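Down below is the structure, laid out as structure tokens.
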Amino acid sequence: MCGIVAGVALQRSIVPALLDGLKRLEYRGYDSCGVAVLQAGGPRCIRTLARVEALESDVRAANLDGSTGIAHTRWATHGVPAIANAHPIFSHDQIAVVHNGIIENHEALRESLVEQGYEFVSQTDTEVIAHLVHSHYEGDLLAAVFDAARMLQGAYAIAVICKDEPQRVIGARQGSPLVVGLGPDGAFLASDTFALSTYASGIIYLEDGDVADLRSGNLRILNSAGETVVRGVNQITEQGGDSELGAYRHYMQKEIFEQPLAVARTFSMVRSLDATLFGTVDPNAFSGVDNVLMLGCGTSHYSALTARGWFETIAGIRAHAEIASEYRYRDYVPQRGTLVVPISQSGETADTLAALRYAQSVGEALTLAICNVATSAIVRQSNWAFITQAGPEIGVASTKAFTTQLVALFLLALTLGRQRARLSAGQVAKHLRDLAALPDAIRSVLAREPQIIGWAQELRRKEHALFLGRGLHYPIALEAALKMKEISYLHAEGYPAGELKHGPLALVTEAMPVIVSAPNDCLLDKLKANLQEISARGGKLYVLADANTRLQAAEGMRIIRLPDYYGFLSPLLHVVAYQLLAYHVACLRGTDVDKPRNLAKSVTVE
Ligand code: AGP
């Protein structure tokens, strides 16, 4: 979390590049933001608790200018959102630092720096970095940052400037992402490639322990041993999908409506249904696989839970879906033939990356990332990868990344099912036809938006809601509840419908809306009985029913009729309706849809 951008511009101001980068990084956190540039009289800094847009006005009003600078957008970890805790953080008006990550030994370092006479004015762990660099500075910022970095424990990506070296920025990373961007106007550092897409044409991915020295027209990278190293330059290719808002009011809205295209693009990657679709050279690379272990967080975990049913039923293969932050601390017993599948939109989620590394450390050798960012840490840490074609997802609430993850996982289930001779050619062809027709089916759910807005108007003043599903639609109930709480702040919980009578039924009153997925599957009759239990207790039901369920609206039961049952892929239709529902409840409640409070898009801290 937190986004950093920095650079040294050639014969022009660095400020526009810093602000452009910050706007693109705001998804990483938005508790405060700030920028510092080096000017003849010393560093000048502007920080605000408002958003980057407000920072831009302040910067304009103050005529902030200079060819070297650093900037930051914060997701608070140490210290409340406050100007004193906003970055850049200074030491003695000489050294300025922006930081993403967590310094685990900051207390010990702080004590020793206080003993040396340093005074702390913020509650941040970052301030120890600024003072540490200052304490090592003897006229060479590169040497000072290198020495200071060796004393830091934890995860960090930093960019540092010094008043006495006006054309120089030093970057360093350990555990948190940091890239170098090279372009005609200068050299830059940023938390991700997207932040530099306007200004850089070439990108270098720094490795853990690297320290980069950016000067005008000159770049040098040291590895953790202090040796000069050459890292490859990659050309920036913006991933498909437009990152501008266009006619939409919010990115989340745009991303919900992009799903037919994103799903179609992801499906269009299919050339052959074998392991090569997932980045292997050998089409039979999965032949020894008889167990799938999926790792993920939040929405990505719910895609794993959904896919677990596909792996079991379609491929007849054992499958487990683990919450990465729990798995990484378990005494997991490795099992031969396990394919470990980390799932992540960003590919930078610290818990998922750590869970993957943990699985590898205990001997799991087959790792396949399902990810939306080809250059991310999780992809690079895995043997193989399937890159979902969602395009940039800017809204904090994940939508099109989820549905494209599901497409990727469904393709993996088909591949394993085929390899294990569980599927006939005819069955494979039918599944592929369903996938090909999925964009149109999603469009027909999107067309139900006016009815969904009607539900949103009824739900907007509620305090709580329950979401229910069974089978493949239970994870969809969890995802629906997550969407609702994260963007509308309405308290919502997802439950398997059959579990209600074991406790949550006590919550059901007229005031508790119960929102239910009713696909026309083998569990429909069981689900109908669950609906009766709720109606009998005065509960108000909102049912997403497949067209062929023959459920009828009645007193206390609203129905939105979805298309006919869509088989294994039905969860991808129901979830789109829930995304729209959460979106419209949030809009009616006036929340900040794309940047909900306390959250960030990319969770790069534990
Ligand atoms: C989803 O709406 C969330 N904001 C969040 O749960 C997210 O899915 C989770 O943090 C995992 O992120 P990742 O897919 O980038 O790893």
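The values are calculated or read from the model by the stated rules, or taken from the named source; none is laboratory data. Computed from a prediction, not measured in an experiment: that's the story for all the values here. Here the Cβ is made from the backbone with ideal geometry for all residues, glycine too, and neighbour counts use every protein chain on show. All accessible areas refer to the heavy atoms of the entire protein, side chains included, with ligands and DNA or RNA removed. Shrake-Rupley method; radii C 1.70, N 1.55, O 1.52, S 1.80 Å.
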### Message
Being among the hydrophobic types (A, V, I, L, M, F, W, C), in contact with an Asp or Glu (Cβ under 9 Å, 6 or more places away or on another chain) and touching a residue at least 40 places away in the same chain (Cβ under 8 Å) narrows it down to one residue among Ala195, Ala212; which is it?
### Response
Ala195
#### Entry: Residue among Ser197, Ser201, Ser176, Ser135 that is among the hydroxyl-bearing types (Ser, Thr, Tyr) and either closer than 15 Å to Gly69 by Cα or modelled with pLDDT of 95 or more (or both)
Ser135
### Query
Which of (1) over 26 Å from the mean Cα position of the chain (by Cα); (2) under 16 Å from Glu348 (Cβ atoms) is the odd one out, the single condition Asp185 does not satisfy?
(2)
### Verdict on Ser268 being more than 19 Å from the chain's Cα centre (by Cα), closer than 28 Å to Gln427 by Cβ, away from the ligand (no atom under 16 Å from the Cβ) and hydroxyl-bearing (Ser, Thr, Tyr)
yes
### Query
When only residues in region 281-308 that are in contact with a Pro (Cβ under 6 Å, 6 or more places away or on another chain) and open to solvent by less than 10 Å² (accessible area, probe 1.4 Å) count, which is nearest to Thr349 (Cα to Cα)?
Leu295
#### Entry: Residues that are in contact with a helix residue (DSSP H, G or I) (Cβ under 7 Å, 6 or more places away or on another chain), open to solvent by less than 30 Å² (accessible area, probe 1.4 Å) and in a helix (DSSP H, G or I), drawn from region 128-169
Val128, Ile129, His131, Leu132, Val133, Ala144, Val145, Ala148
### Message
So, Leu366, is that one aliphatic (A, V, I, L, M), open to solvent by 40 Å² or more (accessible area, probe 1.4 Å) and touching a residue at least 40 places away in the same chain (Cβ under 8 Å) or not?
### Response
yes
### Message
Anything in region 582-605 that is within 12 Å of the ligand (Cβ to nearest atom) and part of a loop (DSSP other than H, G, I, E, B)? List them, or say none.
### Response
Val593, Asp594, Lys595, Pro596, Asn598, Leu599, Ala600, Lys601, Ser602, Val603, Thr604, Val605
### Message
Checking Arg249 against (1) at pLDDT below 95; (2) closer than 18 Å to Ile370 by Cβ; (3) not aromatic (Phe, Trp, Tyr): exactly one of these is not met. Which one?
### Response
(2)
